[in-house]
Amino acid sequence: NAGVTQTPKFQVLKTGQSMTLQCAQDMNHNSMYWYRQDPGMGLRLIYYSASEGTTDKGEVPNGYNVSRLNKREFSLRLESAAPSQTSVYFCASRQATEAFFGQGTRLTVV
Amino acid sequence: RKEVEQDPGPFNVPEGATVAFNCTYSNSASQSFFWYRQDCRKEPKLLMSVYSSGNEDGRFTAQLNRASQYISLLIRDSKLSDSATYLCVVNIIDTGGFKTIFGAGTRLFVKA
């Protein structure tokens with residue numbers, strides 16, 4: 001039972017490069033989320049998707065775009081990476097009130 | 001002011017100790033409450049839900065005080081394996097819709 005799978009686990013980007021973080025869940029959940037976690041800040045919501053075909057901005061959406069490709073997959077794209085986007089990124093899906101997280105992506109922008 | 005506030009710690013306790021974490025939330029529209037556990041360099045995982053009537057799971061007890069907008073987690077007889085960061089989590093339904101707010105976490109180190 002894979003749960004929520006994120007790729008890649010680690011990534012180093014140069015300022016201005018673009019990349020897409022992939023996330024897939026096999027639990028048939030409607031809601032999916034992208035968070036970033038920074039020291040002392042807790043988890044902050046970047047974007048979420050309440051259901052297939054819909055996406056909405058969270059608390060810190062600037063510099064990011066998302067795609068809810070189908071019910072299983074929710075990707076996060078950085079079009080032009082900045083050092084301020086150095087963080088740990090978590091994808092999550094939700095069943096009722098419980099959130100299930102992927103293992104995280106450690107992104108460093110130099 | 002953050003919507004969910006926790007003492008960041010770290011709490012350094014010996015094995016067998018009892019330790020308590022506190023969390024306060026500011027939005028009165030908060031509907032449901034949880035404690036998540038996050039091990040170093042891992043993802044958060046649900047530890048337990050928090051109810052006004054209290055919720056106990058083995059050595060762990062969670063309590064909610066809606067009047068004071070306060071949540072607590074008590075760990076009795078601490079084990080080395082309890083070392084982790086504990087996140088206070090609040091679900092809110094208000095004019096902005098449904099949202100989940102995570103506290104920044106409280107770090108616990110249990111030492112032999």
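We did not get these values from a lab; they are worked out from the coordinates using the rules stated. This one's a predicted model, so the numbers in the text were calculated from it and none came from an experiment. Because the Cβ atoms are built from the backbone with ideal geometry, glycine has one as well, and the counts that use them run over all protein chains shown.
Quote the FRET efficiency, to the nearest 0.05, computed for residue B:111 versus residue A:38 with a Förster distance R0 of 30 Å and r equal to the Cβ-Cβ distance.
Values: r = 27 Å, r/R0 = 0.91.
With R0 = 30 Å, the Cβ-Cβ based efficiency is 0.65.
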To the nearest 20 debye, what charge dipole does region B:30-86 have about its Cα centre, counting +1 at the Cβ of each Lys and Arg and -1 at the Cβ of each Asp and Glu? 100 debye
Got a sec to turn the phi values of region A:91-105 into Karplus ³J(HN,Hα) couplings, 6.51 cos²θ - 1.76 cosθ + 1.60 with θ = phi - 60°, whole Hz, x for Gly and Pro? 9, 9, 10, 10, 10, 6, 9, 8, 9, 10, 10, x, 7, x, 10
Compute the Cα gyration tensor for region B:36-112, then decide on rounded, prolate or oblate, letting a ≥ b ≥ c be the square roots of its eigenvalues: rounded whenever a/c is under 1.5, prolate when a/b is larger than b/c in the other cases, and oblate in all that remain. oblate
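Could you state, as a whole-number percent, how many of the C-alpha pairs of the protein assembly as shown are farther apart than 21 Å?
56 percent
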Gap separating the Cα centres of region B:53-112 and region A:8-79, nearest whole Å: 25 Å
Toward the positive end of the charge dipole of the protein assembly as shown, about the Cα centre and with charges on Cβ (Lys, Arg +1; Asp, Glu -1), which of B:38, A:6, B:102 goes farthest? A:6
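Dipole size in debye (nearest 20) for the protein assembly as shown around its Cα centre, Lys and Arg Cβ +1, Asp and Glu Cβ -1? Provide the component values of the computation, followed by the final result.
Working: 24 positive and 19 negative charges, 84 e Å.
Taking the Cα centre of the protein assembly as shown as origin, the dipole is about 400 debye.
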Chain B - percent relative contact order, Cα under 8 Å, separation 6 or more: 37 percent
Sparse-neighbour loop sites [trypsin sites (Lys or Arg not before Pro); region B:1-83; at most 12 other C-beta within 10 Å; DSSP]: B:1, B:41, B:66, B:79
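Which value, in debye to the nearest 20, gives the size of the charge dipole of chain A about its Cα centre, when Lys and Arg are +1 and Asp and Glu are -1 at the Cβ?
Working: 11 positive and 8 negative charges, 39 e Å.
Computed about the Cα centre, the dipole is about 180 debye.
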Would you mind calculating the relative contact order of chain A from Cα pairs under 8 angstrom and at least 6 residues apart, reporting the percent as a whole number? 36 percent
Average projection area in nm² (convex hull over Cα atoms of chain A, one quarter of hull surface): 6.3 nm²
How far, in nm, would the chain grow between residue A:51 and residue A:79 when pulled straight, counting 0.36 nm per residue and subtracting the alpha carbon separation? 7.7 nm
Sorted by number, the cysteines in the protein assembly as shown with no other cysteine beta-carbon under 4.7 Å are B:40
Taking the Cα-to-Cβ direction at residue B:15 and at residue B:39 and moving 7 Å from each Cα, how far apart do the two end points lie in nm? 1.8 nm
Report the gain in length on full extension from residue B:28 to residue B:94: 0.36 nm times residue separation, minus Cα-Cα distance, nm rounded to one decimal. 22.8 nm
Select from A:51, B:18, B:58 the residue farthest towards the positive end of the dipole of the protein assembly as shown; place +1 on Cβ of Lys and Arg, -1 on Cβ of Asp and Glu, and compute about the Cα centre. A:51
Across peptide B:104-110, how many C-beta atoms of other chains are within 10 Å of each residue C-beta, on average? 2
Which value results when the Cα radius of gyration for region B:29-79 is divided by 2.2 N^0.38 Å? 1.21
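Averaged across the residues of A:42-51, what count of C-beta atoms belonging to other chains lies within 10 Å of each residue's C-beta? Working shown, then result.
Working: counts 15, 11, 3, 4, 0, 0, 4, 0, 2, 0.
Going residue by residue through A:42-51 and averaging, the value is 4.
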Once the dipole of the protein assembly as shown is set up from charges on Cβ (+1 Lys and Arg, -1 Asp and Glu), the residue from the list A:80, B:68, B:86 lying farthest towards its positive end is A:80
If you take each beta carbon of peptide B:31-42 and count the beta carbons of other chains within 10 angstrom, what is the mean? 2
Surrounding charge for residue A:100, neighbours by C-beta under 14 angstrom, Lys/Arg +1, Asp/Glu -1, total +2
Could you derive backbone 3J(HN,Hα) for region A:56-71 from the dihedral phi with the Karplus parameters 6.51, -1.76 and 1.60 (θ = phi - 60°), listing whole Hz in sequence and x where the residue is Gly or Pro? 9, 6, x, 6, 10, x, 5, x, 10, 9, 9, 9, 9, 5, 6, 5
